[in-house]
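Any read-out appearing in this document is the output of simple, stated calculations on the displayed coordinates, not a laboratory observation. The structure displayed is predicted, hence computed values, not measured ones. Every residue, glycine among them, receives a Cβ derived from its backbone with ideal geometry; neighbour counts consider all protein chains shown.
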Amino acid sequence: MAKTSQIEKLLLAEELALYEPSPEVVQKLGGVVLYAIVAPYGSGKDSVVDWLTSHRPHQFAAVVGDTTRPPREGETDGVSYHFRSKAEMTADLHDSRFVQVVPGFMGNFYATRPEQYPTDKIAIKPIQAREMSKLESLGFKDIKWLQVVPHSYEAWLAWQDSRRYKVQDQIEREEEAIQSYTLSLTNPRVHFVLNDEIVKAAERIIRLAEGRRLTDATRAQQIAVRNLEAQKEHLKEILNPGTKS
């Protein structure tokens, strides 16, 4: 039974990696303006999205996607995610009804449907860096990449430490953070948003939406470079204890 379960996980992982939406799904995205919030776990991207959709509901609407994982404490169905059965979501996956899909932990996955992207407001969605290339090709009316940058690596690490992740979980988060910064720093279309406070970060995004200059963008990019180097060094220390330089 365990062997069958492992095979099913491998097959699902392959399907997720190779997934392409149907032409009908792509066509529905032509009127969508998407602000994709790219940032490592714990950088405040969800809090920024919550602030924007709460304080500027006429301007921004969150893309509330689907997931096969069970809700966590404090999460609400239809607000945090649409919590659906794996069988139901797998059927939609086979029918190419999703816009994009992202693997999660324990054989779960995340996905969005075209009807979850508003066309009368700016659709705003936290994403992982690895989603950028696929979203880029989907024909949105406009898409802006926003890299939310914690004001220091130490602040980000303190947030991580407060969660008491297992070593393997911490490694995965460090690797995702490195990928996020690396892809953003090599993409000239990315806007860097400093997150020294949630309200200030949100206000910077509002300025961008109104066609004004994004304040502190250069400083945010410089901090991103420093954070990236710090992430690399810290990951080395985790993988090779006792080799701190």
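Listed here are the pairs Lys134/Lys232; Lys45/Lys236; Lys45/Lys86; Lys144/Lys236; Lys28/Lys134; which of them are more than 22 Å apart at the Cα?
Values: Lys134/Lys232 26 Å; Lys45/Lys236 26 Å; Lys45/Lys86 27 Å; Lys144/Lys236 32 Å; Lys28/Lys134 16 Å.
In this structure, Lys134/Lys232; Lys45/Lys236; Lys45/Lys86; Lys144/Lys236 exceed 22 Å between Cα atoms.
Just to be sure I understand the curve: with the Debye formula and one point per C-alpha of the range 64-116, what is log10 I(q)/I(0) at q = 0.13, 0.20 Å⁻¹? With one equal scatterer per Cα and no solvent, log10 I(q)/I(0) is -0.27, -0.64.
What you get for the chain, charging only the Cβ of Lys and Arg (+1) and of Asp and Glu (-1), is a dipole of about 460 debye around the Cα centre. Going by Cα centres, the range 186-219 and the range 74-97 are how many Å apart? Between the Cα centres of the range 186-219 and the range 74-97 lies a distance of 32 Å.
Give, as a single signed number, the net charge of other residues whose beta carbon lies under 15 Å from the beta carbon of Thr76, with Lys and Arg counted +1 and Asp and Glu -1. Summing Lys/Arg as +1 and Asp/Glu as -1 gives -3.
Pick from Gln221, Gln179, Gln170 the residue whose mean-square fluctuation is largest in a GNM of the chain, springs joining Cα atoms under 10 Å. Top of the fluctuation ranking is Gln170. With only the Cα atoms considered, the range 47-171 has a convex hull volume of 145 Å³ per residue. Not counting the cut sites, what is the longest span of the chain without GluC sites (Glu not before Pro) that DSSP labels loop and that have at most 13 other Cβ atoms within 10 Å? In short, 76-196.
Taking 7 Å along the Cα-to-C-beta vector as the label spot, tell me the Glu229-Glu88 distance in nanometres, rounded to one decimal. Result: 5.0 nm between the two label points. With the convex hull constructed from alpha-carbon coordinates only, the chain shows a mean projected area of 14.4 nm² over all directions.
Quick check on the chain: helices-only [θ] at 222 nm, where DSSP H runs of length 4 and up contribute -39,500 (n - 2.57) each and the sum goes over total residues. Nearest 500, please.
Details: 9 runs with 112 residues, N = 245.
The per-residue figure over the chain is -14500 deg cm²/dmol.
Under 5 Å between amide hydrogens, built in the peptide plane, is the criterion, and for Lys144 it picks out Leu34, Tyr35, Ala36 among residues at least 5 positions away or on other chains.
If you filter the range 39-118 for trypsin sites (Lys or Arg not before Pro), then keep DSSP loop positions with at most 10 other Cβ within 10 Å, what is left? Mind showing how you got there, number by number?
Working: sites: Lys45, Arg72, Arg84, Lys86, Arg97; in loops: Arg72, Arg84, Arg97.
Here the sparse-neighbourhood loop sites are Arg72.
Taking a sphere under 10 Å around the Cβ of Asp92 and counting the other residues whose Cβ falls inside, with K and R at +1 and D and E at -1, yields a net charge of 0. Amide H contacts of His151 (H built 1.01 Å from N, in plane; Pro and chain starts excluded): Asn195 sit under 5 Å, all sequence-distant by 5 or more or on other chains. A cut-off of 5 Å between modelled amide H atoms, ignoring neighbours fewer than 5 places along the same chain, links Arg69 with Phe109.
Suppose R0 equals 41 Å. What FRET efficiency, 1/(1 + (r/R0)^6) with r the Cβ-Cβ distance, do His58 and Ala158 give to the nearest 0.05? Let's see the in-between values first.
Values: r = 35 Å, r/R0 = 0.86.
Once the sixth-power term is evaluated, E becomes 0.70.
With K and R counted +1 and D and E -1, the other residues having a Cβ less than 12 Å from that of Ile198 yield a net charge of -2.
Tell me, what is the FRET efficiency for Asp50 and Ile7 to the nearest 0.05, using R0 = 51 angstrom and their Cβ-Cβ distance as r? Here the calculated transfer efficiency is 0.85.
Fully extending the segment from Arg130 to Glu73 would add 17.8 nm, taking 0.36 nm per residue of separation and subtracting the current Cα-Cα distance.
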